[in-house]
1. Within the range 63-80, track down each residue that is buried (at least 16 other Cβ atoms within 10 Å of the Cβ) and not in a loop (DSSP other than H, G, I, E, B).
2. Select the helices (runs of 4 or more DSSP H) contained entirely in the range 148-229, then report the ones holding at least 1 residues which are touching an Asp or Glu at 6+ places or on another chain (Cβ under 7 Å) and under 26 Å from LEU117 (Cβ atoms).
3. If we keep just the residues of the range 81-107 that are touching a Gly at 6+ places or on another chain (Cβ under 7 Å) and part of a loop (DSSP other than H, G, I, E, B), which is farthest from ARG3 (Cα to Cα)?
4. So, of the residues in the range 239-259 that are assigned to a loop (DSSP other than H, G, I, E, B) and under 14 Å from SER151 (Cβ atoms), which turns out to be nearest to the chain's Cα centre (by Cα)?
5. Within the range 218-234, does at least one residue satisfy the condition of being within 16 Å of ligand 2 (Cβ to nearest atom), touching a Gly at 6+ places or on another chain (Cβ under 7 Å) and within 18 Å of ALA304 (Cβ to Cβ)?
6. Might you let me know whether the range 108-124 holds any residue that is more than 16 Å from ligand 2 (Cβ to nearest atom), in a loop (DSSP other than H, G, I, E, B) and buried (at least 24 other Cβ atoms within 10 Å of the Cβ)?
7. All but one of (1) closer than 30 Å to LYS326 by Cβ; (2) crowded, with 20+ Cβ neighbours inside 10 Å hold for ASP60; state the number of the condition that does not hold.
8. Can you find even one residue in the range 81-101 that is more than 18 Å from VAL31 (Cα to Cα) and not β-branched (Val, Ile, Thr)?
Amino acid sequence: MRRVSIFGSTGSIGQSTIDLIRRDAQSYDVVALTGGANVDLLAHDARALCAEVAVTCYEDRLPALRDALAGTGIEAAAGEAALVEAAARPADWIMSAIVGAAGLAPGMTALAQGTTLALANKESLVTAGPLLMETAKAHGTKVLPVDSEHSAVFQALVGEDIQSVERIIITASGGPFRDWSHAQLEQATLSQALKHPSWDMGQRITIDSASMFNKALEIIETKEFFGVVPAQIEVLVHPGSTVHALVGFCDGALMAHLGVPDMRHAIGYALHHPDRRMLPVARLDLAALGTLHFEAPDERRFPALRLAREVMETGGLAGAVFNAAKEAALDLFIAEKIAFTDMAILVERVLAEMSSGVGLGKGSITLDTVRESDSEARARVFEASGTN
Ligand code: NAD
Ligand code: MG
């Protein structure tokens, strides 16, 4: 029996993880499930999987969670400290699928416990990549990528020497606004941003895909996870999302990873690693597909990609600022208080403000410094937006 926990179990990645675990429930002991406001779903899954504990990140949802779990013997808890406590419970494998910087502390705690971390929460690597990877190393713990592109690169690298890698190419669908002009992007609405052409994902990452902030985070994630230099990382727009990533080697060979856009592939790979098991994902029919289309990304219409390069150049706490500013700007866009294109404008402005003077790049990365930079960046975005 493997002891597993799922952080962010009520979300898109969390539900796909539960789907895989339920198909083979007798092989797993479920330790913790965590979610947010939807305590009914959280409690339903905790009952179905006989979890030890269910945690909601919202303290005011604890009474409802307790009610929903009454008589089951499953513990109920709430809040940030409870999330960290749940991550400290002995487990073999944990899925980190909380959205946003809130995923960092539980992930770090799990790693320090020696728990294998299946990492969907790319924000952990963007905000504190060196800290996370060093913690894993110090405790001899594995971090396994769950982002589809990074899982693809990870798989293409099996048996290879990272020194022989010339470049890593991650693909981007281009999102719903791939062909839109800047003038059209200025008018893009929330509901338009939520119509992703190929992937079915949580609301926040779907909008980040439309703005290409998701790909910006993934460029940084690639650098932190694989330890390559920024110049080795390329982005290729590939509508349809059939090729997830490619690794180019020193002999000119390109190894590509292909599959249908179904996150259960990357989740399943991380769940069964280092083995491969049968997964309930559709098989690709390349003849039916006929062609694969690729194009270069446009950094003028999608400035997030350029900002990611600046963040990597600055280093230090720039990733924490970038991610937090992006999260705050996204909150404002979701609340329909700012325009779609204002997100990148606000992030760039706050990055510039916080990079000048204090030396953001030299700041050491600890959970405390990340938290401070994160709060300051969010406050500055809010102030700069002029909203209330
Ligand atoms: P989602 O919005 O569907 O689910 C997020 C989960 O996190 C929910 O369980 C929610 O309750 C919980 N949560 C939200 N805010 C929280 C907080 N402050 N504290 C604790 N828990 C909180 O998101 P998702 O699409 O499943 O994405 C989860 C993570 O996986 C993100 O980091 C995303 O970038 C990454 N990812 C997602 C996909 C995808 O296909 N959905 C693909 C690649 C990577
Ligand atoms: Mg991805």
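The values are calculated or read from the model by the stated rules, or taken from the named source; none is laboratory data. Predicted model, so just to flag it, every value in this text is computed and none were measured. No Cβ is skipped: glycine too gets one built from the backbone with ideal geometry, and neighbour counts run over all protein chains shown.
1. Once the filter is applied, which keeps residues that are buried (at least 16 other Cβ atoms within 10 Å of the Cβ) and not in a loop (DSSP other than H, G, I, E, B), the range 63-80 yields ALA64, LEU65, ARG66, ALA68, LEU69, GLU75, ALA76, ALA77, ALA78.
2. On the way: elements: 148-156, 182-186, 190-193, 203-211, 213-226.
The qualifying helices (runs of 4 or more DSSP H) are 148-156, 213-226.
3. The qualifying residue farthest from ARG3 (Cα to Cα) is VAL99.
4. Our first condition is that a residue be assigned to a loop (DSSP other than H, G, I, E, B); within the range 239-259, this holds for 239-242, 250-253, 259.
Still in the list and also under 14 Å from SER151 (Cβ atoms): 241, 259.
Details: SER241: 17, GLY259: 19 Å.
Checked the range 239-259; the qualifying residue nearest to the chain's Cα centre (by Cα) is SER241.
5. Keep residues of the range 218-234 that are within 16 Å of ligand 2 (Cβ to nearest atom), which gives 218-226, 233-234.
Applying the additional criterion that residues be touching a Gly at 6+ places or on another chain (Cβ under 7 Å) yields 220, 224.
If we keep only those that are within 18 Å of ALA304 (Cβ to Cβ) as well, we get 220, 224.
Yes, the range 218-234 contains a residue that is within 16 Å of ligand 2 (Cβ to nearest atom), touching a Gly at 6+ places or on another chain (Cβ under 7 Å) and within 18 Å of ALA304 (Cβ to Cβ).
6. Step one: list which residues in the range 108-124 are more than 16 Å from ligand 2 (Cβ to nearest atom), which gives 108-117.
With in a loop (DSSP other than H, G, I, E, B) added as a condition, the list becomes 113-115.
From what's left, buried (at least 24 other Cβ atoms within 10 Å of the Cβ): 115.
Yes.
7. (2)
8. As a first pass, look at the range 81-101 and keep what is more than 18 Å from VAL31 (Cα to Cα): 99-101.
Imposing the further condition that a residue be not β-branched (Val, Ile, Thr) reduces the set to 100-101.
Looking for residues that are more than 18 Å from VAL31 (Cα to Cα) and not β-branched (Val, Ile, Thr), one finds at least one in the range 81-101, hence yes.
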